[in-house]
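K.L.:
Here it is, the structure in full.
The values are calculated or read from the model by the stated rules, or taken from the named source; none is laboratory data. What you see is a predicted model, and the numbers here were worked out from it, not measured in a lab. Cβ coordinates were reconstructed from backbone atoms using ideal geometry, including for glycine residues, and neighbour counts include every protein chain displayed.
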Amino acid sequence: MFKWNKISKRTGITVFCVAAFIMALIIVLHHNPWADPQEELVKKIIACAIIIISCVVFILLYDKVTVLPVELYENRRLIWKLAKNDFKKRFAGSYLGFIWAMVQPVVTVAMYWFVFDNFFGQKAQLLSGGIQMPYVLYLTAGLVPWFYFSEALNNGTTALLEYNYLVKKVVFKISILPIIKIIAATFIHVFFVIVLLVVAILYGCYPTIYTIQVVYYSFCLFVFVLGLSYTTCAVVIFFRDLTQIINILLQVGMWATPILWNINMIADKPLLTSIIKLNPLVYIVNGYRSAICEREWFFADFYSTMYFWIFTVVVFGIGALIFKRLKIHFADVM
């Protein structure tokens with residue numbers, strides 16, 4: 001069986017740097033004939049600079065950065081078992097069980113659709129490929145990943161507080177607690193993806209080979225929110241008000257992300273559009289919609305894909321470092 005601890009430090013650094021070099025090479029060689037040459041050059045310079053900085057940080061902080069992924073891999077079976085137990089525990093004692101987890105988001109989608117469709121006259125939305133997408137499907141495809149993100153982030157943030165009795169146990173790997181909560185949220189997300197596909201079929205958008213990209217975008221969201229959660233769950237131990245701040249930011253973020261509205265509405269404002277697209281969730285939300293209705297692979301939007309993964313890797317690395325640095329104080333504070 002493969003063992004992470006058998007990989008030497010030199011090998012790990014070499015693999016990471018080679019992968020980073022290949023990514024940088026692809027970015028440099030990629031050319032979009034329809035893009036503005038100056039804007040494309042700026043994107044390439046920024047991306048390569050971030051990759052170089054990431055390599056330097058990875059080399060200098062290798063031992064601290066790799067501790068977290070190693071622990072997650074080595075405890076993968078325990079993580080899966082505890083995630084299933086966590087999901088069951090949330091609805092223990094209620095007559096309808098996990099159905100309650102589905103009711104609120106479904107009602108929310110229905111209310112948004114009713115209000116925007118009947119009072120604001122929102123009809124079909126135009127996607128980047130020139131495809132008309134029914135508004136209820138457009139709305140559902142945006143809300144499904146957002147519900148997943150908000151629930152996973154909230155649950156991941158409070159994971160250590162909820163399992164405080166495990167945090168105080170010296171022998172327990174507390175680094176697995178945030179991912180347990182996020183996997184539990186993923187179970188509900190799978191249900192809503194099925195609902196999204198059913199809505200798509202009802203509106204004539206039948207599944208194709210491109211629809212499988214929903215799995216890819218779900219994985220993107222999983223990794224991104226996991227990286228965020230390792231930062232927030234560590235900080236919230238010392239600053240409990242963070243949970244309230246996150247709730248406020250989620251309310252603002254829902255409107256700052258093109259979920260209820262179409263980003264093409266601000267196409268005449270390139271600066272504002274560029275600022276909005278800095279939000280990595282824009283890549284996810286647009287990806288869900290593209291997977292449902294468009295006939296295009298995710299790597300066709302090259303720079304957005306590269307930006308998202310570079311940003312996510314940086315967020316995950318920062319989360320791992322913060323968690324590692326603060327972990328020794330958790331038991332004392334709690």
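K.L.:
Among the residues in region 232-242, are any of a type in the set (F, W, Y), surrounded by fewer than 15 Cβ atoms within 10 Å (Cβ to Cβ), outside any helix (DSSP H, G or I) and on the phi < 0 side of the Ramachandran plot?
P.N.:
Among the residues of region 232-242, at least one is of a type in the set (F, W, Y), surrounded by fewer than 15 Cβ atoms within 10 Å (Cβ to Cβ), outside any helix (DSSP H, G or I) and on the phi < 0 side of the Ramachandran plot, which makes the answer yes.
K.L.:
What pairs come out if I take residues in region 103-121 that are surrounded by 10 or more Cβ atoms within 10 Å (Cβ to Cβ) and pair them with residues that are hydroxyl-bearing (S, T, Y) and at pLDDT 70 or above whose C-beta lies under 7 Å away, six or more apart or interchain?
P.N.:
V109/T140; F116/Y135; D117/Y135
K.L.:
How many of the residues in region 171-197 are in contact (Cβ under 8 Å) with a residue 40 or more places away in the chain and part of a loop (DSSP other than H, G, I, E, B)?
P.N.:
1
K.L.:
I would also like to ask the following. Taking region 273-294 as the search range and keeping residues that are closer than 17 Å to Y307 by Cβ and outside any helix (DSSP H, G or I), which one is farthest from the chain's Cα centre (by Cα)?
P.N.:
Here the answer is L278.
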